[in-house]
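Following: one structure in structure tokens, then a few remarks.
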Amino acid sequence: ELHMVFTRFNSMVSQTVEVRRMLPLEVVEGVSEPGGEPLPLYEFEPSAEEVLDAILPLYVRARIQNALLQAAASELAARQQAMHTATENAEDLIRDYTRLANQARQADITQEISEIVSGVDALASSR
């Protein structure tokens, strides 16, 4: 058996791992008449072997290409989501540290003003 494992793209925030059996293909039986043998789903002209020999490589190639495209889309979506989250976290950090720096600067200014006012009061009371 040949199995393919890839990431299926569901949405920008949701990707799922999928395992798909590629070969051997599952045979689907036709509809059966009561008490009779199953009727084929298709009649082939040329023979079924010739049709399958021509179509099977194309089918497998298309399924592999689809899986590769799904995996690429999933990877890009995951990267975009990770970059979006990193950007939001960086903006939060910038906002928090800016606020802390402003509070520290404001505390220094308030202390300097208090010292100046205290000095002025001391000079005024000494006269």
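Ordered by packing density, taken as the mean number of other Cβ atoms within 10 Å over each peptide's residues, highest first, how do 97-107, 76-86 rank?
Packing proxy ranking, top to bottom: 76-86, 97-107.
Please report, in whole Å, how far the alpha carbons of segment 56-127 spread along each principal axis, starting with the longest.
So the extents along the principal axes, rounded to whole Å, are 107, 6, 6.
Under a point spin-label approximation (7 Å from Cα along Cα-to-Cβ), what is the residue 120-residue 10 distance to one decimal in nm?
6.7 nm
Under a crude label model (7 Å from the Cα following the beta-carbon direction), how far is residue 101 from residue 21 in nanometres?
6.2 nm
Please report the spacing between the Cα centers of segment 102-122 and segment 68-96 in Å, no decimals.
45 Å
List, in order, the whole-Hz ³J(HN,Hα) value for each residue of segment 84-92 obtained from phi through the Karplus relation with A = 6.51, B = -1.76, C = 1.60 and θ = phi - 60°; use x for Gly and Pro.
4, 5, 5, 5, 4, 5, 5, 5, 4
Once neighbouring chains are kept in place and the probe is 1.4 Å, which whole percent of the accessible area of segment 53-126 is contributed by carbon and sulfur?
62 percent
Solvent-accessible area per residue for the chain at a 1.4 Å probe radius, Å²?
Here the per-residue accessible area is 83 Å².
So, how do all the Cα-to-Cα distances of the chain break down into 10 Å bins, in percent, from 0 on up?
10, 17, 15, 13, 10, 8, 7, 6, 5, 4, 3, 2, 0
The values are calculated or read from the model by the stated rules, or taken from the named source; none is laboratory data. On a predicted model such as this, the values are computed, not experimentally measured, just so you know. Heads up, the Cβs are rebuilt from the backbone with ideal geometry, glycines too, and the neighbour counts pull from every protein chain shown. The accessibility values were calculated without ligands, DNA or RNA, using every heavy atom of the protein model including side chains. Shrake-Rupley method; radii C 1.70, N 1.55, O 1.52, S 1.80 Å.
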